[in-house]
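Everything below concerns the one structure shown next.
What follows is calculated from the coordinates using simple rules that are stated; it is not laboratory data. These numbers come from a predicted model, not from an experiment. For neighbour counting, all protein chains shown are included, and Cβ atoms are generated from backbone atoms with ideal geometry for every residue, glycine included.
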Amino acid sequence: MANREVHPFLAGMEMICAETPTPPTAITVFGASGDLARRKLLPSLAQIQQRGLLHEQFCLLGCGRTEYSDEQFRELAASAIRENSGNGPLEAPPAFLEKLYYLRGEYDDPSTYERLKTRLTELRKKHGIDRCDLFYLSVPPLLYETIIEHLGAAGFSWKGDPECHRRVRLMVEKPFGRDLRSATQLNNVIAKWFEESQVYRIDHYLGKETVQNIMIFRFANAIFEPIWGRNHIDNVQITIAETLGVEHRASYYDQSGALRDIFQNHMLQMLALVAMEPPNSFDADQVRDEKIKLLRAVRPFVCGSGDLATGNPSAKCRIVRGQYGPGRIGGGPVPGYRQEGGVAPGSRTETFVAARLLIDNWRWKDVPFYLRTGKRLARKDTEIAVTFKEIPHSLFGSVGLEQMPPNVLIFRIQPEEGISLRFQAKHPGSKICIGTLKMTFSYKDLFGMEMPEAYQRLLLDCMLGDQTLFTRFDGIEVTWRLLMPVLEAWQNHPSGPAEYAAGSESFPQADALVEADGRQWRRLGET
């Protein structure tokens, strides 16, 4: 195979890449015939295998309610891998497909788990796997506790047996509850049957390359850490903007909303990575300790009825919600949220949340963090923008340059992953000819490939026993505890979210969060 041309930036660059092949593993996927398994899990496993990182002694047993034979499941998997591989169609090799199997069963039927135990024993023996089990819950959240209880009762977790339990892992998809009470209940059910060291709670944003790179960028480069805090940073904006509406998720989304679906997990996890203190090591619990410590330092929301009645954020509440109405996306008309199929006609579910957060610690005293997420917005854009303070005094006032634009560091996460730094420099020409330049790199341009699907990283790490990119039980409870005053205020007050037109970038109440500080939201897609 011909070698891919090396980008000039990489020529002579020493790279340290620690990619470890997985150990022999038997994976059981509950909900294997569902959408997530078809779009993400099966294609990611095939790409891991293509990269040479999946151990030859491997098998996957799909479990679901739909009736499939092994051969029918393999055909479904082959089609899913072909249609959903990020770097173009991927034909899964027969040697991979032959290691996929299927078991039909009801999740609340104890006999399903007895048959599962028998089948896994046969497959481990057939493929030479010495008891390394991964159980993946790719099912609706209301089934989590049922499956976990049955797995535990059937003896799959090996909790309390130090020799065996380290080789059994449980992967759980978000959402982890819908409030503090339900999240705590789920954590208690998990803890009843599994050690925390066995549990891998997935927030797929943490598997994205640029999100992972935040820690490398901060802690592997000596030039950034001294300026990373209140003395040099003016504000931080974190944005997750989507052009899509609720699509096929309406029945779920109308019971969830943007605060539960995106803000409680993705946004607060990115906030923690940007703002946490340096851990003592790259050990999973050291990293997660620092993230949780940071989240505990976020100033609580205090939302009174007056804040909600006016629709404007007070100094204590600092969070607003919106819901998209009819508008235009990509030149064509789109319906409002309440006109979407599966949405209640009088729904008060928010599709946009904007918040102003303050962190009460030494590093970030009085530095505002502006967070926003919304659907049906003008552009798809996920980024973290760190804006530095303006220079204290301009030397160039005599030529009309009393104020210079601030430096901005941008971690771009979607649609194309990369990092850019905006700074001032002299242009060719007259003595004083200053302009803003950008130093930018794109992962796609630099490495000549689409970035691996986040699920590849997360599946690899779970099989390797690395919990760094996974959320711990106390981290889940901290985020819910922070947001409960907001959820309760929204539930108990008759006013609903403000309406914004589909295809817009924001709405007045969200703008007021930043304009009250003399700042503005970055334009979506701004470079």
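Some observations on this one:
- Computed label-point distance, nm, for sites residue 125 and residue 511 using a 7 Å Cα→Cβ extension: 7.1 nm
- Global form of region 29-121, assessed from the alpha-carbon gyration tensor, a/c cut-off 1.5: prolate
- Sorted fewest first by neighbouring Cβ atoms within 10 angstrom, 420, 495, 44, 111 come out as 111, 495, 420, 44.
- Partner aspartates and glutamates for residue 125 [C-alpha distance under 16 Å; skip if fewer than 8 residues away on the same chain]: 56, 98, 133
- Rounded to 0.05, the FRET efficiency of the residue 481 and residue 414 pair, given R0 = 22 Å and the Cβ-Cβ distance, is 0.15.
- Residue range of the chain that is longest and free of GluC sites (Glu not before Pro) which are both DSSP loop and sparsely packed (at most 16 other C-beta within 10 Å): 164-389
- DSSP bridge orientation in the chain - percent antiparallel, rounded to nearest 5: 55 percent
- On Cα atoms only, tilt of 454-464 relative to the major axis of the chain in degrees: 50 degrees
- Taking a straight Cα-Cα cut-off under 22 Å and skipping sequence neighbours fewer than 8 places away in the same chain, the lysines within cross-link reach of residue 389 are 365, 426, 438.
- Amide hydrogen proximity for residue 302: with H placed 1.01 Å from N in the peptide plane, the residues at 5 or more positions away or on another chain lying under 5 Å are 317.
- Once the C-beta distance of residue 227 and residue 197 is scaled by a Förster radius of 45 Å, the resulting FRET efficiency is 0.80 to the nearest 0.05.
- Shape class for the chain: prolate, because the ratio a/c of the largest to smallest gyration tensor axis (alpha-carbon atoms, square roots of eigenvalues) is 1.5 or more and a/b beats b/c.
- Between the helical axis of 70-84 and the longest alpha-carbon principal axis of the chain there is an angle of about 20 degrees.
- Residues 443, 500, ranked from the fewest to the most other C-beta atoms within 10 Å, line up as 443, 500.
- Near residue 69: Cβ cut-off under 11 Å, other residues only, Lys/Arg at +1 and Asp/Glu at -1. The net charge is -2.
- Region 34-77-region 472-527 distance, computed between alpha-carbon centres (Å): 38 Å
- Counted charge near residue 465, where neighbours are those whose Cβ lies closer than 11 Å (Asp, Glu -1; Lys, Arg +1): +1
- Karplus-derived HN-Hα couplings along region 513-527 (A = 6.51, B = -1.76, C = 1.60, θ = phi - 60°), whole Hz, x at Gly and Pro: 4, 8, 5, 4, 9, x, 10, 9, 5, 5, 5, 4, x, 4, 9
- Gyration tensor (alpha-carbon) shape descriptor, region 24-202, a/c threshold 1.5: prolate
- Here region 119-261 was treated as a single set of alpha-carbon atoms; its pair distances binned every 10 Å from 0 give 9, 27, 26, 23, 13, 2, 0 percent.
- Note on residue 523 and residue 440: their simple-model spin labels are 1.3 nm apart, each label 7 Å out from Cα toward Cβ.
- Among beta bridges identified by DSSP and lying wholly in region 24-202, the antiparallel ones come to about 0 percent.
- Among 388, 470, sorting on how many other beta-carbon atoms sit within 10 Å of each Cβ, with the fewest leading, yields 388, 470.
- Summing charges over all other residues whose Cβ lies under 10 Å from the Cβ of residue 177, with Lys and Arg as +1 and Asp and Glu as -1, gives +2.
- Cross-linked pairs 208/380; 174/375; 293/380; 40/174; 40/444: Cα-Cα separations exceed 25 Å for 293/380.
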